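*Asks:* Pasting a structure here, questions to come.
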Amino acid sequence: EEMTRSELIQYLKDTVKPEEGLIPSYIFSHPKVYELEMEKIFLKDWLFVAHKSEIPNKGDFVTREMGGQSVIVTHGADGEIHVLLNVCTHRGMKLCRMDNGNQKNFTCPYHGFNFRNTGDLVGIPFEKVVYGDTMDKSKMGLKEIRHEVYADLIFATLDDDAVSLNEFLGDIKWYLDLAFNRTEMEVVGLPQKWNVDGTWKLGSDNTISDSYHTLVSHGSIAKLGLVPTGDYSKYGYQIYTGNGHGLNLGMPNPGGFAFPENLIDEYKERLSDDQYDILENMKNMIVCVSPNIMILISSMDLKGQQVSHTSLRIWKPTGPDSMEISSWVLVEKDAPEEWKKLSVQANTLTFGASGIFEQDDTENFTDITQNSKNPYHLQENIVYNYTMGMQQKPVEDFVGPGIVYKDKFNEANSRAFFRNWLDQITAE
Ligand code: FES
Ligand code: FE
(Lines give C-alpha, C1' and ligand atoms only; values in the text may rest on other atoms or scores of the structure.)
(Ligands and ions follow the chains in the order given, each with its own letter.)
Protein backbone atom coordinates (compact mmCIF):
# COMPACT_ATOMS: atom_id res chain seq x y z
CA GLU A 1 0.00 0.00 0.00
CA GLU A 2 1.08 3.52 -0.76
CA MET A 3 2.24 5.47 2.26
CA THR A 4 1.29 9.13 2.49
CA ARG A 5 4.11 11.57 2.96
CA SER A 6 3.54 12.02 6.66
CA GLU A 7 3.23 8.26 7.12
CA LEU A 8 6.55 7.81 5.34
CA ILE A 9 8.23 10.41 7.56
CA GLN A 10 6.93 8.62 10.64
CA TYR A 11 8.03 5.25 9.19
CA LEU A 12 11.53 6.63 8.57
CA LYS A 13 11.73 7.86 12.16
CA ASP A 14 10.57 4.47 13.41
CA THR A 15 12.85 2.29 11.30
CA VAL A 16 16.11 4.21 10.71
CA LYS A 17 18.04 3.96 13.98
CA PRO A 18 21.55 5.27 13.37
CA GLU A 19 22.61 5.30 17.04
CA GLU A 20 21.77 1.60 17.26
CA GLY A 21 23.59 0.91 14.00
CA LEU A 22 20.37 -0.14 12.24
CA ILE A 23 19.89 1.10 8.67
CA PRO A 24 16.99 -0.37 6.67
CA SER A 25 17.45 -1.49 3.08
CA TYR A 26 14.46 0.34 1.57
CA ILE A 27 16.07 3.77 2.04
CA PHE A 28 18.60 2.96 -0.70
CA SER A 29 16.06 3.07 -3.55
CA HIS A 30 12.57 4.04 -2.39
CA PRO A 31 11.20 6.67 -4.82
CA LYS A 32 9.38 8.57 -2.06
CA VAL A 33 12.53 8.71 0.06
CA TYR A 34 14.30 10.10 -2.99
CA GLU A 35 11.63 12.80 -3.36
CA LEU A 36 12.25 13.87 0.24
CA GLU A 37 16.00 13.93 -0.37
CA MET A 38 15.64 16.14 -3.43
CA GLU A 39 13.41 18.60 -1.63
CA LYS A 40 14.99 18.67 1.82
CA ILE A 41 18.66 18.09 1.02
CA PHE A 42 19.49 18.97 -2.58
CA LEU A 43 17.25 22.05 -2.75
CA LYS A 44 18.66 23.29 0.57
CA ASP A 45 22.29 22.31 1.16
CA TRP A 46 25.40 24.00 -0.18
CA LEU A 47 26.46 21.99 -3.24
CA PHE A 48 29.80 22.01 -5.05
CA VAL A 49 29.48 23.51 -8.54
CA ALA A 50 33.02 24.26 -9.74
CA HIS A 51 36.66 24.88 -8.83
CA LYS A 52 37.82 28.43 -9.51
CA SER A 53 40.62 27.21 -11.79
CA GLU A 54 38.01 25.85 -14.23
CA ILE A 55 36.98 29.41 -15.14
CA PRO A 56 40.21 31.46 -14.88
CA ASN A 57 39.42 34.03 -17.61
CA LYS A 58 36.58 36.48 -18.16
CA GLY A 59 33.91 34.76 -20.23
CA ASP A 60 34.81 31.24 -19.10
CA PHE A 61 31.85 29.17 -18.00
CA VAL A 62 30.78 25.66 -17.08
CA THR A 63 27.27 24.26 -16.75
CA ARG A 64 26.49 22.15 -13.70
CA GLU A 65 23.48 20.63 -11.98
CA MET A 66 22.09 21.27 -8.52
CA GLY A 67 19.42 18.77 -7.53
CA GLY A 68 18.57 18.21 -11.18
CA GLN A 69 18.49 21.95 -11.91
CA SER A 70 20.97 23.15 -14.54
CA VAL A 71 23.00 26.25 -13.65
CA ILE A 72 25.69 28.21 -15.51
CA VAL A 73 28.78 29.12 -13.51
CA THR A 74 30.45 32.07 -15.21
CA HIS A 75 33.50 34.27 -14.81
CA GLY A 76 31.59 37.37 -15.80
CA ALA A 77 32.68 40.41 -17.82
CA ASP A 78 32.58 42.25 -14.47
CA GLY A 79 35.34 39.96 -13.13
CA GLU A 80 32.95 38.29 -10.67
CA ILE A 81 31.79 34.69 -10.42
CA HIS A 82 28.10 34.24 -11.17
CA VAL A 83 25.96 31.17 -10.69
CA LEU A 84 22.95 31.63 -12.97
CA LEU A 85 19.80 29.58 -13.35
CA ASN A 86 20.11 28.04 -16.82
CA VAL A 87 16.55 28.94 -17.70
CA CYS A 88 15.57 31.69 -20.12
CA THR A 89 13.39 34.29 -18.38
CA HIS A 90 11.19 34.67 -21.47
CA ARG A 91 9.48 31.30 -21.50
CA GLY A 92 11.75 28.79 -19.88
CA MET A 93 13.98 27.31 -22.56
CA LYS A 94 17.29 25.87 -21.34
CA LEU A 95 19.58 28.71 -22.31
CA CYS A 96 23.01 27.10 -22.54
CA ARG A 97 23.41 23.51 -23.69
CA MET A 98 27.19 23.25 -23.63
CA ASP A 99 29.28 21.78 -20.79
CA ASN A 100 31.85 24.55 -20.90
CA GLY A 101 33.27 27.32 -23.04
CA ASN A 102 34.01 31.03 -23.22
CA GLN A 103 31.27 33.47 -24.19
CA LYS A 104 30.39 37.11 -23.64
CA ASN A 105 26.72 36.39 -24.27
CA PHE A 106 24.27 33.53 -24.24
CA THR A 107 21.54 33.56 -26.88
CA CYS A 108 18.40 31.56 -26.22
CA PRO A 109 17.77 28.88 -28.87
CA TYR A 110 14.00 29.45 -28.75
CA HIS A 111 13.36 33.15 -29.61
CA GLY A 112 16.82 34.63 -29.31
CA PHE A 113 16.75 36.65 -26.07
CA ASN A 114 20.36 37.55 -25.44
CA PHE A 115 21.96 37.54 -21.97
CA ARG A 116 25.38 38.82 -20.91
CA ASN A 117 27.58 36.39 -18.92
CA THR A 118 26.69 38.41 -15.83
CA GLY A 119 23.05 37.37 -16.29
CA ASP A 120 21.77 40.73 -17.60
CA LEU A 121 19.28 40.65 -20.45
CA VAL A 122 20.77 42.85 -23.16
CA GLY A 123 18.98 42.02 -26.40
CA ILE A 124 15.56 41.02 -27.67
CA PRO A 125 14.96 40.35 -31.38
CA PHE A 126 12.71 43.09 -32.86
CA GLU A 127 12.23 44.54 -29.40
CA LYS A 128 10.64 47.83 -30.55
CA VAL A 129 8.34 46.06 -32.96
CA VAL A 130 7.08 43.40 -30.55
CA TYR A 131 7.12 45.22 -27.20
CA GLY A 132 7.27 48.94 -28.03
CA ASP A 133 8.68 50.52 -24.87
CA THR A 134 6.95 48.13 -22.48
CA MET A 135 9.72 45.63 -21.72
CA ASP A 136 11.89 46.48 -18.71
CA LYS A 137 14.98 44.43 -19.54
CA SER A 138 16.60 45.22 -16.18
CA LYS A 139 13.94 43.05 -14.50
CA MET A 140 14.40 40.14 -16.89
CA GLY A 141 17.95 39.02 -16.08
CA LEU A 142 18.77 35.39 -15.35
CA LYS A 143 18.10 34.35 -11.77
CA GLU A 144 21.28 34.55 -9.69
CA ILE A 145 21.89 31.62 -7.39
CA ARG A 146 23.50 32.31 -4.03
CA HIS A 147 27.13 31.20 -3.99
CA GLU A 148 30.22 31.38 -1.78
CA VAL A 149 33.80 30.21 -2.18
CA TYR A 150 36.08 28.33 0.20
CA ALA A 151 39.59 27.18 -0.76
CA ASP A 152 38.77 27.97 -4.42
CA LEU A 153 35.79 25.59 -4.26
CA ILE A 154 32.65 27.33 -5.52
CA PHE A 155 29.55 26.23 -3.65
CA ALA A 156 25.99 27.30 -4.37
CA THR A 157 22.66 26.80 -2.65
CA LEU A 158 19.09 27.04 -3.93
CA ASP A 159 17.96 28.04 -0.42
CA ASP A 160 18.18 31.77 0.28
CA ASP A 161 17.70 31.04 3.99
CA ALA A 162 20.59 28.57 4.26
CA VAL A 163 23.29 29.31 6.87
CA SER A 164 26.56 30.73 5.51
CA LEU A 165 28.94 28.35 3.73
CA ASN A 166 31.37 28.98 6.56
CA GLU A 167 28.89 27.73 9.13
CA PHE A 168 27.77 24.83 6.93
CA LEU A 169 31.33 23.55 6.49
CA GLY A 170 32.43 24.21 10.07
CA ASP A 171 35.43 22.21 11.23
CA ILE A 172 35.77 20.20 8.01
CA LYS A 173 37.55 23.33 6.66
CA TRP A 174 40.59 22.43 8.75
CA TYR A 175 40.95 19.26 6.67
CA LEU A 176 39.90 20.85 3.36
CA ASP A 177 42.89 23.16 3.83
CA LEU A 178 45.19 20.15 3.54
CA ALA A 179 43.69 19.26 0.18
CA PHE A 180 43.10 22.67 -1.39
CA ASN A 181 44.89 25.36 0.60
CA ARG A 182 48.34 23.80 1.07
CA THR A 183 49.34 25.52 -2.17
CA GLU A 184 47.45 26.79 -5.20
CA MET A 185 45.68 23.84 -6.81
CA GLU A 186 44.35 23.62 -10.36
CA VAL A 187 41.96 21.25 -12.10
CA VAL A 188 43.47 19.14 -14.88
CA GLY A 189 41.22 18.99 -17.96
CA LEU A 190 37.50 18.38 -17.73
CA PRO A 191 35.79 16.32 -15.06
CA GLN A 192 35.41 12.66 -15.96
CA LYS A 193 31.82 11.47 -15.74
CA TRP A 194 30.29 8.04 -15.57
CA ASN A 195 27.00 6.48 -14.53
CA VAL A 196 26.41 3.94 -11.80
CA ASP A 197 23.21 1.99 -11.05
CA GLY A 198 23.55 2.76 -7.36
CA THR A 199 22.29 5.41 -4.96
CA TRP A 200 24.39 8.49 -4.18
CA LYS A 201 24.10 7.74 -0.44
CA LEU A 202 26.25 4.65 -0.71
CA GLY A 203 29.01 6.77 -2.20
CA SER A 204 28.94 9.18 0.73
CA ASP A 205 28.54 6.34 3.25
CA ASN A 206 31.56 4.50 1.85
CA THR A 207 33.57 7.72 1.77
CA ILE A 208 32.88 8.86 5.30
CA SER A 209 33.62 5.67 7.18
CA ASP A 210 34.50 2.60 5.20
CA SER A 211 38.17 1.72 5.30
CA TYR A 212 37.26 -1.83 6.32
CA HIS A 213 36.21 -2.87 2.79
CA THR A 214 39.69 -2.20 1.44
CA LEU A 215 40.96 -5.58 2.65
CA VAL A 216 38.41 -7.54 0.68
CA SER A 217 36.87 -5.41 -2.07
CA HIS A 218 40.29 -4.17 -3.14
CA GLY A 219 42.09 -7.39 -2.17
CA SER A 220 43.17 -8.08 -5.74
CA ILE A 221 45.16 -4.85 -5.73
CA ALA A 222 47.14 -6.01 -2.73
CA LYS A 223 47.79 -9.31 -4.53
CA LEU A 224 49.20 -7.33 -7.44
CA GLY A 225 51.58 -5.65 -4.99
CA LEU A 226 50.24 -2.14 -5.58
CA VAL A 227 49.21 -1.68 -1.95
CA PRO A 228 50.42 -3.53 1.16
CA THR A 229 48.57 -6.69 2.19
CA GLY A 230 46.99 -7.14 5.64
CA ASP A 231 45.27 -4.50 7.71
CA TYR A 232 47.21 -1.44 6.47
CA SER A 233 43.96 0.43 5.82
CA LYS A 234 43.15 0.31 9.54
CA TYR A 235 45.87 2.72 10.67
CA GLY A 236 45.04 6.35 11.23
CA TYR A 237 41.94 8.16 12.42
CA GLN A 238 38.26 8.40 11.72
CA ILE A 239 36.95 11.90 12.31
CA TYR A 240 33.46 13.45 12.34
CA THR A 241 33.14 17.22 12.24
CA GLY A 242 29.35 17.73 12.18
CA ASN A 243 26.62 18.49 9.60
CA GLY A 244 27.22 15.13 7.92
CA HIS A 245 30.88 15.88 7.17
CA GLY A 246 33.78 13.61 8.13
CA LEU A 247 36.89 11.83 7.00
CA ASN A 248 39.25 8.91 7.27
CA LEU A 249 42.87 9.87 7.65
CA GLY A 250 45.41 7.18 6.85
CA MET A 251 48.74 7.63 8.60
CA PRO A 252 51.65 7.21 8.96
CA ASN A 253 52.91 6.71 5.41
CA PRO A 254 55.54 3.97 5.33
CA GLY A 255 56.46 5.18 1.82
CA GLY A 256 57.51 8.61 3.09
CA PHE A 257 56.62 12.15 2.06
CA ALA A 258 54.29 12.13 -0.96
CA PHE A 259 54.01 15.77 -2.05
CA PRO A 260 56.18 17.90 -4.36
CA GLU A 261 59.19 18.91 -2.29
CA ASN A 262 59.79 22.22 -4.02
CA LEU A 263 56.66 23.51 -2.29
CA ILE A 264 57.52 22.55 1.28
CA ASP A 265 58.18 26.15 2.36
CA GLU A 266 54.81 27.16 0.99
CA TYR A 267 52.94 24.34 2.74
CA LYS A 268 54.56 25.43 6.01
CA GLU A 269 53.58 29.02 5.44
CA ARG A 270 49.98 28.35 4.46
CA LEU A 271 49.21 25.58 6.96
CA SER A 272 49.40 25.57 10.76
CA ASP A 273 52.18 23.48 12.35
CA ASP A 274 49.66 20.79 13.28
CA GLN A 275 48.22 20.71 9.78
CA TYR A 276 51.68 20.45 8.22
CA ASP A 277 52.57 17.66 10.60
CA ILE A 278 49.61 15.67 9.28
CA LEU A 279 50.44 16.44 5.66
CA GLU A 280 53.98 15.24 6.25
CA ASN A 281 52.83 11.90 7.64
CA MET A 282 49.66 11.09 5.74
CA LYS A 283 49.26 8.14 3.43
CA ASN A 284 45.77 9.10 2.39
CA MET A 285 42.80 11.20 3.37
CA ILE A 286 39.23 10.54 2.26
CA VAL A 287 36.78 13.30 3.09
CA CYS A 288 33.00 13.37 2.77
CA VAL A 289 31.42 16.80 2.61
CA SER A 290 27.71 16.23 2.94
CA PRO A 291 25.61 15.56 1.09
CA ASN A 292 27.60 14.17 -1.82
CA ILE A 293 31.21 15.30 -2.18
CA MET A 294 34.23 13.01 -1.87
CA ILE A 295 37.69 14.49 -1.63
CA LEU A 296 40.59 12.13 -1.88
CA ILE A 297 44.30 12.46 -1.34
CA SER A 298 46.04 9.15 -1.82
CA SER A 299 49.61 8.16 -2.47
CA MET A 300 51.42 5.28 -4.11
CA ASP A 301 54.80 4.23 -5.39
CA LEU A 302 55.13 5.15 -9.04
CA LYS A 303 58.36 5.00 -11.06
CA GLY A 304 60.36 4.63 -7.87
CA GLN A 305 58.92 7.53 -5.92
CA GLN A 306 56.02 8.32 -3.61
CA VAL A 307 53.40 10.23 -5.57
CA SER A 308 50.23 11.68 -4.10
CA HIS A 309 47.18 12.55 -6.11
CA THR A 310 44.30 14.84 -5.20
CA SER A 311 40.77 14.62 -6.54
CA LEU A 312 37.24 15.73 -5.85
CA ARG A 313 34.11 14.00 -6.98
CA ILE A 314 30.39 14.31 -6.56
CA TRP A 315 27.90 11.46 -6.33
CA LYS A 316 25.20 13.23 -8.31
CA PRO A 317 21.78 11.64 -7.89
CA THR A 318 20.02 10.94 -11.19
CA GLY A 319 17.15 8.89 -9.73
CA PRO A 320 16.18 6.84 -6.65
CA ASP A 321 18.54 4.05 -7.72
CA SER A 322 21.16 5.73 -9.90
CA MET A 323 23.83 8.40 -9.92
CA GLU A 324 26.33 10.11 -12.15
CA ILE A 325 29.85 10.40 -10.80
CA SER A 326 31.81 13.50 -11.84
CA SER A 327 35.46 13.45 -10.89
CA TRP A 328 37.93 16.34 -10.98
CA VAL A 329 41.67 15.71 -10.74
CA LEU A 330 43.73 18.53 -9.25
CA VAL A 331 47.46 19.17 -9.17
CA GLU A 332 49.73 21.67 -7.46
CA LYS A 333 49.95 24.58 -9.90
CA ASP A 334 53.62 25.17 -9.09
CA ALA A 335 54.80 21.55 -9.03
CA PRO A 336 57.32 20.42 -11.68
CA GLU A 337 55.59 19.35 -14.92
CA GLU A 338 57.01 15.84 -14.61
CA TRP A 339 55.50 15.48 -11.14
CA LYS A 340 52.09 16.72 -12.32
CA LYS A 341 52.09 14.01 -14.99
CA LEU A 342 52.89 11.27 -12.48
CA SER A 343 50.20 12.54 -10.12
CA VAL A 344 47.53 12.44 -12.83
CA GLN A 345 48.70 8.96 -13.87
CA ALA A 346 48.42 7.72 -10.30
CA ASN A 347 44.86 8.99 -10.11
CA THR A 348 43.84 7.53 -13.46
CA LEU A 349 45.27 4.15 -12.54
CA THR A 350 43.40 3.95 -9.23
CA PHE A 351 40.28 6.15 -9.13
CA GLY A 352 39.64 7.24 -12.74
CA ALA A 353 36.57 5.90 -14.57
CA SER A 354 38.47 2.70 -15.37
CA GLY A 355 40.63 2.82 -12.23
CA ILE A 356 41.37 -0.40 -10.37
CA PHE A 357 39.82 0.78 -7.10
CA GLU A 358 36.89 2.45 -8.80
CA GLN A 359 35.60 -0.71 -10.46
CA ASP A 360 35.49 -2.55 -7.13
CA ASP A 361 33.60 0.18 -5.30
CA THR A 362 30.85 0.81 -7.82
CA GLU A 363 30.11 -2.93 -8.01
CA ASN A 364 29.24 -2.83 -4.30
CA PHE A 365 27.06 0.28 -4.64
CA THR A 366 25.18 -1.25 -7.58
CA ASP A 367 24.37 -4.60 -5.99
CA ILE A 368 23.24 -3.12 -2.65
CA THR A 369 20.97 -0.64 -4.44
CA GLN A 370 19.51 -3.17 -6.86
CA ASN A 371 18.79 -5.61 -4.01
CA SER A 372 17.01 -2.92 -2.05
CA LYS A 373 14.50 -2.35 -4.87
CA ASN A 374 12.81 -5.69 -4.32
CA PRO A 375 9.47 -5.09 -2.55
CA TYR A 376 10.34 -7.91 -0.17
CA HIS A 377 12.91 -5.63 1.49
CA LEU A 378 10.27 -3.07 2.44
CA GLN A 379 7.67 -5.71 3.32
CA GLU A 380 10.00 -7.48 5.75
CA ASN A 381 11.95 -4.37 6.68
CA ILE A 382 15.34 -5.91 5.94
CA VAL A 383 17.83 -4.02 8.11
CA TYR A 384 21.62 -3.71 7.81
CA ASN A 385 24.23 -3.66 10.52
CA TYR A 386 26.27 -0.52 11.13
CA THR A 387 27.37 -1.30 14.69
CA MET A 388 31.14 -1.57 14.13
CA GLY A 389 33.15 0.37 16.70
CA MET A 390 30.27 1.04 19.07
CA GLN A 391 32.41 -0.37 21.88
CA GLN A 392 35.11 2.26 21.23
CA LYS A 393 35.54 5.70 22.76
CA PRO A 394 36.81 8.77 20.91
CA VAL A 395 40.37 9.92 21.68
CA GLU A 396 41.07 13.35 23.16
CA ASP A 397 44.67 13.94 22.15
CA PHE A 398 44.38 14.36 18.38
CA VAL A 399 45.56 17.75 17.07
CA GLY A 400 42.69 18.44 14.65
CA PRO A 401 39.02 19.26 15.34
CA GLY A 402 36.13 16.78 15.45
CA ILE A 403 35.07 13.59 17.18
CA VAL A 404 38.11 11.42 16.60
CA TYR A 405 38.53 7.65 16.77
CA LYS A 406 41.91 6.00 16.64
CA ASP A 407 42.06 3.56 13.73
CA LYS A 408 39.67 3.56 10.83
CA PHE A 409 37.82 0.25 11.12
CA ASN A 410 34.69 1.85 12.52
CA GLU A 411 31.18 2.70 11.37
CA ALA A 412 30.81 5.65 13.76
CA ASN A 413 30.96 8.12 10.88
CA SER A 414 28.22 6.29 8.96
CA ARG A 415 26.02 6.38 12.03
CA ALA A 416 26.60 10.13 12.28
CA PHE A 417 26.04 10.62 8.53
CA PHE A 418 22.70 8.77 8.57
CA ARG A 419 21.59 10.65 11.69
CA ASN A 420 22.23 13.93 9.88
CA TRP A 421 20.49 12.62 6.74
CA LEU A 422 17.46 11.42 8.72
CA ASP A 423 17.13 14.74 10.57
CA GLN A 424 17.24 16.58 7.26
CA ILE A 425 14.67 14.54 5.35
CA THR A 426 12.24 14.30 8.27
CA ALA A 427 12.48 18.00 9.21
CA GLU A 428 9.19 19.91 9.23
FE1 FES B 1 14.11 32.07 -24.52
FE2 FES B 1 11.85 32.72 -25.68
S3 FES B 1 12.25 31.11 -24.29
S4 FES B 1 13.79 33.61 -25.95
FE1 FE C 1 36.93 1.52 -2.04
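*Asks:* Note the angle between two axes, namely the Cα long axis of helix 200-209 and the longest principal axis of the Cα atoms of the chain, as a number of degrees from 0 to 90, rounded to the nearest 10.
*Replies:* 40
*Asks:* Kindly write out, for segment 42-48 in residue order, the coupling ³J(HN,Hα) from the Karplus curve 6.51 cos²θ - 1.76 cosθ + 1.60 (θ = phi - 60°), rounded to whole Hz, with x marking Gly and Pro.
*Replies:* So the J values, rounded to whole Hz, are 6, 8, 10, 6, 6, 10, 6.
*Asks:* Using 7 Å Cα-to-Cβ label points, what is the Lys137/Phe257 separation (nm, one decimal)?
*Replies:* 5.7
*Asks:* While we're here: Please list, by residue number, every one of the trypsin sites (Lys or Arg not before Pro) in segment 262-367 that is coil in DSSP and has at most 12 other beta-carbon atoms within 10 Å.
*Replies:* On the way: sites: Lys268, Arg270, Lys283, Lys303, Arg313, Lys333, Lys340, Lys341; in loops: Lys283, Lys303, Lys333.
Hits after loop and neighbour filter: Lys303, Lys333.
*Asks:* In whole Hz, what ³J(HN,Hα) sequence does segment 238-255 give by Karplus (6.51, -1.76, 1.60; θ = phi - 60°), x for Gly and Pro?
*Replies:* With the stated coefficients, segment 238-255 comes to 10, 10, 10, 10, x, 6, x, 9, x, 7, 10, 10, x, 7, x, 9, x, x Hz.
*Asks:* Using label points projected 7 Å from each Cα along Cα→Cβ, tell me how many nm separate Asp99 and Lys58, to one decimal.
*Replies:* In this crude spin-label approximation the distance works out to 2.8 nm.
*Asks:* Hey, what do the phi angles of segment 301-311 turn into as Karplus ³J(HN,Hα) couplings, whole Hz, using 6.51/-1.76/1.60 and θ = phi - 60°, x for Gly and Pro?
*Replies:* In residue order, the calculated couplings are 7, 9, 6, x, 9, 6, 10, 9, 9, 10, 8 Hz.
*Asks:* If you don't mind, there's one more thing I want to ask. Treat the chain as a sphere of radius equal to its Kirkwood radius over Cα pairs and apply Stokes-Einstein at 37 °C in a medium of 0.692 mPa s; give the translational diffusion coefficient in µm²/s, rounded to a whole number. Kindly include the intermediate steps, with their values, before the conclusion.
*Replies:* Values: Rh = 22.9 Å.
Reported coefficient: 143 µm²/s.
*Asks:* Before I look further, what does the chain give for accessible area per residue, probe 1.4 Å, in whole square angstrom? Could you put the intermediate results ahead of the total?
*Replies:* Details: 18800 Å² over 428 residues.
For the chain, the per-residue accessible area is 44 Å².
*Asks:* Tell me the label-point distance for the pair Gln391, Lys193, using the 7 Å Cα-to-Cβ offset, in nm and rounded to one decimal.
*Replies:* Those two pseudo-labels are separated by 4.7 nm.
*Asks:* Given a 10 angstrom Cα cut-off, can you work out which residue in Gly119, Gly92, Gly76 is the most mobile in a GNM of the chain?
*Replies:* Of the options given, Gly92 has the highest mean-square fluctuation.
*Asks:* Hey, another quick one. Name the residues whose placed amide hydrogens come within less than 5 Å of the amide hydrogen of Gly236, ignoring near sequence neighbours (fewer than 5 apart) on the same chain.
*Replies:* Under 5 Å from the amide H of Gly236: Met251, Asp407, Lys408.
*Asks:* Which order do Tyr26, Tyr150 take by accessible area at a 1.4 Å probe, largest first?
*Replies:* On the way: Tyr26 5, Tyr150 55 Å².
So, going from the largest accessible area down, we get Tyr150, Tyr26.
*Asks:* Something else about it: What residues qualify as long-range amide H neighbours of Tyr212, i.e. H under 5 Å apart, gap of 5 or more or another chain, H built at 1.01 Å from N?
*Replies:* Asn410
*Asks:* Hey, another quick one. Shape of segment 170-425 from its Cα gyration tensor (a ≥ b ≥ c, root eigenvalues): rounded if a/c is under 1.5, otherwise prolate when a/b > b/c, or oblate? Please list the in-between numbers first.
*Replies:* Details: a/c = 1.67, a/b = 1.37, b/c = 1.21.
Note, shape of segment 170-425 comes out prolate.
*Asks:* Could you pull out every residue, at least 5 positions away or on a different chain, whose amide H is within less than 5 Å of the one on Asn100? Hs are placed 1.01 Å off N in the peptide plane, and Pro or chain starts have none.
*Replies:* Thr63
*Asks:* Oh, and also: Kindly point out, ordered by number, any Cys in the chain whose beta-carbon has no other cysteine beta-carbon under 4.7 Å away.
*Replies:* Here Cys96, Cys288 come out as lacking a disulfide-compatible partner, given the Cβ-Cβ threshold of under 4.7 Å.
The values are calculated or read from the model by the stated rules, or taken from the named source; none is laboratory data. Computed from a predicted structure; not experimentally measured. Backbone-built Cβ (ideal geometry, glycine too); neighbour counts: all protein chains shown. For the accessible areas, the whole protein counts, side chains as well, though only heavy atoms, and no ligand, DNA or RNA atoms are used. Shrake-Rupley method; radii C 1.70, N 1.55, O 1.52, S 1.80 Å.
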